[in-house]
Amino acid sequence: MISHDHPLSWTVNAEPKSDAQQAIVNKDFRLLAFAGRAISIPGIDFAEYPLEHLQQQCGYRVLKGTGDVLRIGEQSALRTKTHDYAVIYNQYMLAACNAP
């Protein structure tokens, strides 16, 4: 069972497409990023879309609970779910913010 106290528990029933569409309506084009020694943005190839350009064009927000420290079990399952969510969400955001 997944704890609802974990910072990533919101992804359990989240819908990335509808969430992205709502963010676009609200003119919030920020991509979802993971924290760590370096920022990563799931689903985005930095060779094609450099981070600096994305920051200027779209912006991004780091998701709490996505740092380098990872424990087995519930946290790894939530992180995988969050990563999969962010890949889909970020594809919608990338198209919406017109990053070349």
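The values are calculated or read from the model by the stated rules, or taken from the named source; none is laboratory data. The structure presented is a predicted model; accordingly, all values stated were derived computationally and were not measured. Using ideal geometry, Cβ is built from the backbone for each residue, glycine included, and neighbour counts are taken over all protein chains shown.
Values computed for the structure shown
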| item | result |
| --- | --- |
| Pair list, Cβ under 9 Å, 6 or more apart: the stretch 43-72 residue within 14 Å of residue 83 (Cα to Cα) and assigned to a loop (DSSP other than H, G, I, E, B), other residue at pLDDT 85 or above and among the hydroxyl-bearing types (Ser, Thr, Tyr) | 43/89; 63/82; 65/82; 66/40; 66/82 |
| Condition met for residue 33 (buried (at least 17 other Cβ atoms within 10 Å of the Cβ), within 11 Å of the chain's Cα centre (by Cα), modelled with pLDDT of 90 or more and not β-branched (Val, Ile, Thr)) | yes |
| Some residue of the stretch 38-52 being at pLDDT below 90, surrounded by fewer than 18 Cβ atoms within 10 Å (Cβ to Cβ) and closer than 24 Å to residue 15 by Cβ | no |
| Residue match in the stretch 75-90 (condition: among the β-branched types (Val, Ile, Thr) and modelled with pLDDT of 95 or more) | yes |
| Residues being of a type in the set (A, V, I, L, M, F, W, C) and in a helix (DSSP H, G or I) - total across the stretch 1-42 | 5 |
